[in-house]
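Written out below as structure tokens is the structure these notes cover.
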Amino acid sequence: MRTLKTVKIDFRFQNWGKTERIVCEQDQYDSHSFSLLKQGQNVGTIVKKGQLWISSNNNIFLPEDIAKIGAHIDDYLKGQHLFIGSSH
């Protein structure tokens, strides 16, 4: 398997009226998969399928939150010229 250079994105996220820090860490083997870390704890994984971001396990976030987080990841990667295309 090819190991990717891991991308970490640190940003602030509004959740139930409270601002929280979320770190999105790209999987080292799958550029379409990001772990969501909150205070160093893995709180779920999101995966890009086509143009959509979906929760793949144990997420504490609502689907619309996953879409917002995914859009933030896309914006960050476009700014870094690291666009993720479709998987599958």
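Each reported figure results from applying straightforward, stated rules to the coordinates on display, with no laboratory input. The structure displayed is predicted, hence computed values, not measured ones. Cβ atoms come from the backbone with ideal geometry, glycine included; neighbour counts cover every protein chain shown.
Label sites at Gln39 and Leu77, each approximated as a point 7 angstrom past Cα along Cα to Cβ, lie 2.9 nm apart. Per-residue extension of 0.36 nm, minus the Cα-Cα distance of Trp16 and Asp30, leaves a gain of 2.0 nm for this segment.
Annotation for region 1-79: trypsin sites (Lys or Arg not before Pro) lying in DSSP loop with at most 14 further Cβ atoms inside 10 Å of their Cβ are Arg2, Lys5.
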